[in-house]
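Participant: First, the structure itself, so that you have it in front of you.
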Amino acid sequence: MSDVQIPVAMLTQHPDAASRYISVQEEPDEAVRGLMPPPEGLGADEIMVDFEGKLTPYHQTSQVVLALLQHGVKLGGAIRVTPRAPSADKENVFRQLMALMSIVETNVQAYRPLGGIAVREVVVPMTQTADQLVAVRRRFRSIEDLGLEEFGLNPSGEGIQPIPLIEEVPPLLGTGALLREYLQLCRWSGYETPYLRVMLGHSDSALGYGMVAAAFSVRAAIIDAFEVGDAFDCPVYPIIGVGSLPFRGHLTGPSLPDFLERFPGTSTVTIQSAIRYDHDPAEAPAMIAELRKRIHQGEGRRPDPTDRDVLAELAVLFSVNYLNTFHKFAQAVAGLSDLVPEQRDRLTRHSPVSYSRQMPKPGRLAEMVGSEALREELRLLDQMPELPVPLPRAISFTASLYSIGLPPEFIGTGRGLRAACELYGESFIKDMRRWFPGLESALSFAGRYLDLDVAKDFLPREVMHELRQDIDAVEELLNVKLGPQDEDDQFYHTVLRALSPLLLHALGRGSSRLGTSREEETMARQWVIKLGALRGCLG
């Protein structure tokens with residue numbers, strides 16, 4: 001193992017908290033509190049300054065770094081500030097250049113007080129090809145040369161190290177090929193790569209392909225990343241990008257042991273907003289301390305590489321069952337997502353300078369399965385037309401479905417379990433528990449907020465038929481009891497049912513007796529927030 005110090009807890013600026021709206025002006029102070037040791041702070045060791053699809057000011061990177069230095073936080077080693085740049089392909093290259101220039105500005109301003117380079121890495125979202133990563137290194141070298149010429153900045157020697165953020169199931173299952181090509185290009189181009197951090201996104205994978213497919217493809221990607229690192233003698237440190245609800249990864253204090261068993265080999269995890277603002281204030285610092293202890297104790301553990309092919313095949317199997325239903329209700333959820341309040345200063349999906357998620361195109365998965373029937377289903381799904389409206393992002397998608405009584409954790413999961421049992425036999429459920437530790441507790445948690453009597457007013461009849469198949473299979477095969485578990489859950493359902501007429505009205509499908517005023521839409525947004533606070537996460 002390398003002696004490089006790697007952060008274990010990366011704070012992010014995701015808008016998944018229901019209890020707090022955080023403006024960009026508050027984010028530098030938020031970062032300082034997060035990286036300060038308890039009791040003053042949370043004790044995290046990395047902050048991701050986020051420029052992707054977000055109205056983050058150009059100078060926030062330097063604001064955060066200089067504020068940390070003023071508070072005596074020594075950057076370097078395991079304490080890092082790591083921006084996430086916009087995608088040059090999905091947003092535009094100018095916004096990416098702005099984020100890269102903010103890194104150079106920060107390094108110029110912090111060089112003397114720190115005695116070295118403050119920021120050495122940048123997250124590159126939606127990485128699809130090795131060329132995208134090399135292009136970031138090339139652009140940064142040009143900007144850094146300008147900094148050397150204008151400000152006398154001492155170059156860092158290795159320039160910027162891109163952290164590929166790989167999202168969605170097809171590219172996750174192609175992680176090995178992507179990293180192999182990238183490390184080869186670095187060698188040919190003379191770019192130093194002493195180690196490699198790779199970020200594996202659970203949330204967008206779940207949005208496009210379902211919760212189980214996301215988990216299995218992330219686990220398979222960890223296997224691929226380590227194999228490539230071994231082949232190139234380059235230490236690899238996986239970062240898992242997750243939220244606190246099961247659909248988005250299920251990282252909370254109580255679920256932490258199952259999470260690390262599900263993704264062995266993890267070096268860093270994202271600590272998103274909900275766990276900091278919607279949970280008990282003591283939970284986040286305690287979880288970070290426990291995370292650090294468990295990751296350090298488990299250093300060197302990896303998923304079993306012999307599981308890789310079956311994980312990929314199962315990811316495809318569960319994807320098909322999820323996508324068959326997803327295509328039938330995606331447009332309805334896109335409309336609902338506009339009623340989910342933004343809890344950070346993000347660009348809207350309708351903004352001309354932003355971007356939206358595209359309908360999943362799973363055709364690349366066909367080569368990963370032996371079943372001709374599955375391949376044909378994938379080809380048909382790949383040909384589905386784009387929606388007439390942009391897809392929501394993962395947080396608003398998840399919040400929308402929870403707000404109509406349909407936790408998305410169940411979509412395709414039950415039918416996927418039944419299909420896998422038919423394919424692999426009765427022993428499959430035992431293997432499933434080994435590959436997805438905590439599956440029953442995740443579904444039990446989501447099941448507390450399940451209310452198909454509410455959901456049926458928003459979704460097509462065919463979708464409801466498939467969802468009932470999912471629910472029946474989960475209860476039968478996993479012996480999970482779904483539904484409210486205590487008085488708090490009963491109160492949640494009371495609020496959920498009261499919200500339903502407001503949401504229908506805001507969508508233009510409710511009673512005319514509510515009137516046409518914007519007041520009802522405002523009220524609906526407020527109750528969406530209240531529901532999120534009750535379950536401990538907006539989305």
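Participant: Just to be sure I understand the model, the point goes 7 Å from the Cα along the line to the Cβ. What's the resulting Leu452 to Val93 distance in nm?
Facilitator: Placing both labels 7 Å beyond Cα along the Cβ direction yields 5.2 nm.
Participant: Mean residue ellipticity at 222 nm from the helices of the chain, using -39,500 (n - 2.57) per DSSP H segment of n ≥ 4 over the full residue count, to the nearest 500 deg cm²/dmol?
Facilitator: -16500 deg cm²/dmol
Participant: Of Ile288, Ile166, how do they rank once you tally other Cβ atoms within 10 Å and put the fewest first?
Facilitator: Sorted ascending by nearby Cβ count, the order is Ile288, Ile166.
Participant: Relative to the longest principal axis of the C-alpha atoms of the chain, give the angle of the C-alpha long axis of helix 130-151, reported between 0 and 90° and rounded to the nearest 10°.
Facilitator: 40
Participant: With the crude spin-label approximation of a point 7 Å out along Cα→Cβ, what separation in nm comes out for Asp472 versus Glu372?
Facilitator: Distance between the two pseudo-spin positions: 3.0 nm.
Participant: Can you tell me which of 98-107, 37-46 comes out highest on packing, and rank the rest after it, using the mean Cβ neighbours within 10 Å?
Facilitator: Listed from highest to lowest mean packing, they are 98-107, 37-46.
Participant: Something else about it: Would you work out which of Val528, Met464, Asn321 lies farthest towards the positive end of the dipole of the stretch 309-535, given +1 charges on the beta-carbon of Lys and Arg and -1 on that of Asp and Glu, about the Cα centre?
Facilitator: Val528
Participant: Right, another one. For Glu121, list long-range residues whose amide hydrogen, built 1.01 Å from N in the peptide plane, is under 5 Å from its own amide hydrogen.
Facilitator: Gln161
Participant: Taking neighbour counts of Cβ atoms within 10 Å as a proxy for exposure, in what order, fewest first, do Ile395, Ile240, Ile295 appear?
Facilitator: So the residues, fewest neighbours to most, are Ile295, Ile240, Ile395.
Participant: Here are a few candidate values for Rg and Dmax of the Cα atoms in Å: (i) 25.8, 83; (ii) 27.4, 107; (iii) 22.7, 69. Which one was actually calculated from the structure I just gave you?
Facilitator: It is the value labelled (iii).
Participant: Working out 0.36 nm times the residue gap between Glu426 and Glu386, then minus their Cα-Cα distance, what length gain in nm do you get to one decimal?
Facilitator: 10.6 nm
Participant: With +1 assigned to the C-beta of every Lys and Arg and -1 to the C-beta of every Asp and Glu, and no other charges, what is the dipole magnitude of the stretch 172-246 about the Cα centre in debye, to the nearest 20?
Facilitator: About 120 debye.
Participant: Something else about it: Go through the stretch 155-212 and name the chymotrypsin sites (Phe, Trp or Tyr not before Pro) that are in a DSSP coil and have 15 or fewer other Cβ atoms within 10 Å of their Cβ.
Facilitator: Here the chymotrypsin sites (Phe, Trp or Tyr not before Pro) that fit, given the DSSP loop and packing criteria, are Tyr195.
Participant: If we count other beta carbons within 10 Å of each Cβ, what is the order of Thr270, Thr129, Thr306, fewest first?
Facilitator: Ranking Thr270, Thr129, Thr306 by Cβ neighbours within 10 Å, fewest first, gives Thr306, Thr129, Thr270.
Participant: Return a whole-number percent for the relative contact order of the chain, with Cα pairs under 8 Å and 6 or more residues apart as the contact set.
Facilitator: Value for the chain: 16 percent.
Participant: So, one more: Work out how much length Ser441 to Arg112 would gain on full extension: take 0.36 nm times their residue separation and subtract the Cα-Cα distance, in nm to one decimal.
Facilitator: 113.4 nm
Participant: Using only the alpha carbons of the stretch 309-535, what is the convex hull's orientation-averaged projected area in square nanometres?
Facilitator: 13.9
Participant: Report, in listed order, any pair from Lys361/Lys530; Lys430/Lys530; Lys90/Lys481; Lys328/Lys530; Lys54/Lys430; Lys54/Lys74 with a Cα-Cα distance greater than 32 Å.
Facilitator: In this structure, Lys361/Lys530; Lys430/Lys530; Lys90/Lys481; Lys54/Lys430 exceed 32 Å between Cα atoms.
Participant: For Glu181 paired with Gln331, estimate the spin-label separation in nm (one decimal), with each label point 7 Å from Cα along the Cα-to-Cβ line.
Facilitator: Result: 3.5 nm between the two label points.
Participant: Calculate the dipole size of the stretch 309-535 relative to its Cα centre from +1 charges on Lys and Arg beta carbons and -1 charges on Asp and Glu beta carbons; express the result in debye to the nearest 20.
Facilitator: For this selection, approximately 660 debye.
Participant: How far, in degrees from 0 to 90, does helix 211-231 lean away from the longest principal axis of the Cα atoms of the chain, to the nearest 10?
Facilitator: Helix 211-231 and the main axis of the chain meet at about 30 degrees.
Participant: Note down the magnitude of the dipole of the chain about its Cα centre, charges +1 on Lys and Arg C-beta and -1 on Asp and Glu C-beta and zero elsewhere, to the nearest 20 debye.
Facilitator: So the magnitude is around 540 debye.
Participant: Determine, from the Cβ-Cβ distance of Met523 and Arg20 and an R0 of 25 Å, the FRET efficiency 1/(1 + (r/R0)^6), rounded to the nearest 0.05.
Facilitator: 0.80
Participant: While we're here: Compare the Cα positions of Tyr424, Gln109, Met199 along the charge dipole of the chain (+1 at Cβ of Lys, Arg; -1 at Cβ of Asp, Glu; about the Cα centre) and return the one farthest towards the positive end.
Facilitator: Gln109
Throughout, read-outs are computed from the coordinates displayed, never taken from laboratory work. For clarity, every value in this text was computed on a predicted model and none was experimentally measured. Note that each Cβ is placed from the backbone with ideal geometry, even for glycine, and that neighbours are counted across all protein chains shown.
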